[in-house]
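Encoded as structure tokens, the structure appears first; notes follow it.
The values are calculated or read from the model by the stated rules, or taken from the named source; none is laboratory data. A quick note: this is a predicted structure, and the numbers were derived from the prediction, not measured. Neighbour counts run over all protein chains shown; Cβ positions are idealised from the backbone, glycine included. These area figures cover heavy atoms from the full protein model, side chains too; ligands, DNA and RNA do not enter into them. Shrake-Rupley method; radii C 1.70, N 1.55, O 1.52, S 1.80 Å.
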Amino acid sequence: MIHETPRVRFAPSPTGYLHVGGLRTALYNYLFAKKNNGTFILRIEDTDRKRFVEGAVENLINSLQWCGLEFDEGPGKEGSYGPYIQSERLDIYKNLCNELVSAGKAYYCFCTAERLDALRQEQEQNGKQKMYDKHCCNLSDSEVQANLANNLPYVIRMNIAPGLVVEFDDVIRGHISFNSEIIDDQVLLKSDGFPTYHLANVIDDHMMKITHVIRGEEWLPSTPKHVLLYQSFGWEVPQFAHLPLLLNPDRTKLSKRQGDVAVEDYRSKGYLKEALVNFVALLGWTAGDDREFYYLDELIEAFSLERVNKSGAVFDLQKLSWLNAEHLRKKTSEELLPFLRETMAEKNIPAEKFTDNYLTHVIDSMRERVQFIYEIVENAPYFFSAPQVFDESVIAKRWNEKTPELMQQLVEEFSKLSSNEKEGFETALKVVAEKYTVKTAELIHPLRLSLSGVGGGPGVYDIAMILGKEESINRIKTAIEKIK
Ligand code: GLU
């Protein structure tokens, strides 16, 4: 029986980190669930013991939570259908698999690795498709019992009848049909007593009352086996939706070799979660217009599975950086402050030297000029320490023999200021310009160079205001001394 409201799951294998492709799958499941008042479930598929990584589950959950994708049921949030970690459900798989054996839909297979190798070789030589030859399907009951009594290692295989056409509808890819001739007698239960992905996945999707299976396209070839399994159990088949592949810019399959694939890498590189989620949402989906900027709640509103594309989605880092800048601009300086403090800590800039008030002003002056918060520290180091060197090309262009005297006058005028208001610095500079009948530019550029050591950045009066009167004066004095 299909639930009235959808139940969907993200079912990662805990291989160490959350892959951006996994994030996309999780996000689409989440959006679909939230849009339709459904339930989003996290299930850990950890039946491949060889691939087990310590701490991987915690890591996955952390990454999902960082992105704001709270699951409704899952490890640590037991609903009515747990446990949600497959290695805690082994008896369920074993018992149900035995039922399939009793019904003749699955069978014990005692073939040794040597026999299977030889079979494969022979099939290869004869140009045949490499498939199990059902050898053990033909064992008599008494042979099976004798083998079991002798403790021969075994697996349990699915008994797939030839000549069937397996059909299903995929929400994204439409009607799909496979001929059972090309479907191997899939191993369901391994010799270590663990289920294979296929068995555990189908049993859990059924028992957890999953209505829609939304997952990556790489699972499409497995789906006919799953459909046959549902049929063998006599269970209703869920809706399938296979999401397009993620591609590198050269249209090869997204790989570690061409860039970061772990969510935590993007996090530690200073991407905002809002930007990453927004970006990942657009990998294979659009609302059908040009809109690209979304918050999570707006994505929930706009999302539909029907609008997911079939063709591969290119992972375009430039777009991610652009979205990062867009999201950054929408945040208040107070919201961005922790990010700046984090970067400062990474770069060993002493936190106690700077008040929150000072740093929010720094952010205000820089936010339109950066895509990432760390760029504030990299592009405007002068807010964190006085310049030690002065850009030679700016000196050559902007500093002449008159400049030291002008700068000295500026020091005098600045000294008279009673506050750090921007306008005060501006008026003081104009007073000096008038007194010496020079253009303000003849003062502005050397002042900027004195305060920052470079020729670009936020407005010079903003810099003076942020640094304050004392510090600005000190820096001008140093520049007069150092620049020859
Ligand atoms: N455990 C599979 C994976 O790691 C899940 C595939 C599915 O969603 O069915 O991607």
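Roughly speaking, to the nearest percent, how much of the chain's 1.4 Å accessible area is carbon and sulfur? If you can, show how the numbers build up before the last one.
Numbers: 11190 of 23320 Å².
Carbon and sulfur: 48 percent of the exposed surface of the chain.
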May I ask for the equivalent-ellipsoid semi-axes of the chain, computed as the square root of five times each C-alpha gyration tensor eigenvalue and listed largest first in whole Å? 66, 21, 20
Find out how many positive minus negative residues lie around Glu413, taking Lys and Arg as positive, Asp and Glu as negative, among other residues whose Cβ is under 12 Å from that of Glu413. +1
Equivalent ellipsoid semi-axes for the range 1-97, as square roots of 5 times the alpha carbon gyration tensor eigenvalues: give them largest first, rounded to whole Å. 21, 19, 11
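Run through the range 208-283 and list the chymotrypsin sites (Phe, Trp or Tyr not before Pro) located in a DSSP loop whose Cβ has at most 14 other Cβ atoms within 10 Å. It would help to have the intermediate numbers written out before the result.
On the way: sites: Trp219, Tyr230, Phe233, Trp235, Phe240, Tyr266, Tyr271, Phe279; in loops: Trp235, Tyr271.
Answer in residue order: Trp235.
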Given q = 0.14, 0.19 Å⁻¹, what are the Debye log10 I(q)/I(0) values for the range 187-324, with equal point scatterers placed on the Cα positions and solvent ignored? -0.82, -1.14
The answer for the net charge of residues other than Leu254 whose Cβ lies under 14 angstrom from its Cβ, with Lys and Arg +1 and Asp and Glu -1, is -1
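What full-extension length gain, to one decimal in nm, is calculated for Arg251 and Thr355 as 0.36 nm per residue of separation minus the Cα-Cα distance?
Details: separation 104, 0.36 × 104 = 37.44 nm, distance 4.75 nm.
Value of the extension gain: 32.7 nm.
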Given 0.36 nm per residue, what is the gain on full extension from Glu114 to Thr437 after removing their alpha carbon distance, in nm? 106.6 nm
Restricting attention to the range 239-335, which trypsin sites (Lys or Arg not before Pro) occupy a DSSP loop and are surrounded by at most 16 other Cβ atoms within 10 Å? Arg251, Lys269, Arg291, Lys310, Lys331
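Using Cα pairs closer than 8 Å and at least 6 residues apart in sequence, work out the relative contact order for the range 353-484, in percent. Don't jump to the answer; show the numbers that get you there.
On the way: 128 pairs, mean separation 43.1, N = 132.
Computed over the range 353-484, the figure is 33 percent.
With a Förster radius of 56 Å, plug the Cβ-Cβ distance of Ala146 and Trp322 into 1/(1 + (r/R0)^6) and report the FRET value to the nearest 0.05. Don't skip to the end; give the middle numbers.
Details: r = 68 Å, r/R0 = 1.22.
Approximately 0.25, to the nearest 0.05.
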Place +1 on the Cβ of every Lys and Arg and -1 on the Cβ of every Asp and Glu in the chain, take the dipole about the Cα centre, and give the residue among Asn59, Ala433, Met344 whose Cα lies farthest towards its positive end. Ala433
Give me the percent relative contact order of the chain, please, defined on Cα pairs under 8 angstrom at least 6 residues apart. 12
To the nearest 0.05, the calculated FRET efficiency linking Arg307 and Lys430 through their beta-carbon distance, R0 being 45 Å, is 0.20
How far apart, in nm, are the 7 Å Cα→Cβ label points at Glu423 and Asp290? 4.1
Using a simple spin-label model with points 7 Å from Cα along the Cα→Cβ vector, what separation in nm is obtained for Leu139 and Ser180? 2.2
Hey, what did the range 199-246 get for relative contact order, percent, Cα under 8 Å, at least 6 apart? 52
Efficiency by 1/(1 + (r/R0)^6): what FRET value for Glu470 and Asp48, r their Cβ-Cβ distance, R0 = 51 Å, to the nearest 0.05? 0.20
Qualifying chymotrypsin sites (Phe, Trp or Tyr not before Pro) for the range 353-403 [loop in DSSP, other Cβ within 10 Å: at most 12]: none
Report for the chain the percent antiparallel among DSSP-assigned beta bridges with both residues inside it, nearest 5. 55
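At 0.36 nm per residue, minus the direct Cα-Cα distance, what do Asp72 and Gln129 gain on full extension? Give it in nm, one decimal, please.
Values: separation 57, 0.36 × 57 = 20.52 nm, distance 4.35 nm.
Gain on extension, Asp72 to Gln129, equals 16.2 nm.
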Quickly work out the Leu90-to-Lys482 label distance, labels modelled 7 Å from Cα along the C-beta direction, and quote it in nm with one decimal. 6.7
Counted charge near Phe425, where neighbours are those whose Cβ lies closer than 11 Å (Asp, Glu -1; Lys, Arg +1): -2
Placing unit charges on C-beta atoms (Lys and Arg positive, Asp and Glu negative, everything else neutral), compute the dipole magnitude of the range 191-308 about its Cα centre in debye, rounded to 20. 400
Eligible lysines near Lys402 by straight Cα distance, threshold 21 Å, same-chain separation 8 or greater: Lys430, Lys435, Lys439, Lys477, Lys482, Lys484
Please check which bits of the range 27-44 a label hung off Ser80 would reach, taking the label as a point 7 Å along Cα-to-C-beta and the cut-off as backbone N under 15 Å. 39-40
What's the longest bit of the chain with no exposed GluC sites (Glu not before Pro), using DSSP loop states and at most 15 other Cβ atoms within 10 Å as the test? 79-235
